[in-house]
Each structure stands twice: as structure tokens, then as C-alpha cells.
Amino acid sequence: MTNYKEPLVRLSGNRLITTSLAVSQHFGKKHTHVLEAIRNLEVSQSFRESNFRLSSYTTGQGKSQPMYEITRDGFSFLCM
């Protein structure tokens, strides 16, 4: 694993977001557990689509892995 740390919050277009990868790094959790928690949230489909956008990142070995881009509302819901 690399020592690179994803910033917890960044600007995307005109809104602040975070990612599931940044959340896992910041809170010292395994990324797979954060992904699982997001997938298991009991929220409406419209809330999920508005606040959790499936994306990906590339590992140090060049492998593409899933992650979510998360809005402030999504982050609040996930952390509660």
C-alpha cells in the first residue's frame, strides 16, 4: 500500500465531496468495510443516486478498484 493519502474533502464542480477511500484512510477503516457499509445503507434509491456516485481509482499496481464519491449529506448519513 502506498503512503499517499487522499484528501478528506475536495471540490468537484461546484460542490464539496469526499470519497469512500478518503473516509477509510481518515478513520482507519478497511476500504472494503466502508464500501460494504455504503452498499448496506437503508436509503431510498433517489437519495443513494444523489449522494453516492460509483467511481474508481487505480492502485499502485495499476489495478482499477471501485470507490464512491460522497456528498456532504451522504457523508453525514454514512457516519451516523
> Could you sort T32, T59 by accessible area so the largest value comes first, with the probe set to 1.4 Å?
Replying inline: T32, T59
>> Around T19, under 10 Å between beta carbons, what's the net of Lys plus Arg minus Asp minus Glu among the other residues?
In response: 0
>> What percentages make up the Cα-Cα pair-distance distribution of the stretch 5-73 when the bins are 5 Å wide from 0?
In response: 3, 16, 26, 28, 17, 7, 1, 0
>> Within the chain, what whole-number % of the accessible surface is contributed by carbon and sulfur, with the 1.4 Å probe and all protein chains included in the calculation?
In response: 52 percent
> Say each of S46 and D73 gets a label point 7 Å from the Cα, pointing the same way as Cα to Cβ; how far apart are those two points in nm?
Replying inline: 1.0 nm
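The values are calculated or read from the model by the stated rules, or taken from the named source; none is laboratory data. This structure is a prediction, so every number in the text was calculated from the model and none was measured. Positions of Cβ are backbone-derived with ideal geometry, glycine not excepted, and every protein chain shown enters the neighbour counts. Surface areas here come from the heavy atoms of the whole protein model, side chains and all, with no ligands, DNA or RNA. Shrake-Rupley method; radii C 1.70, N 1.55, O 1.52, S 1.80 Å.
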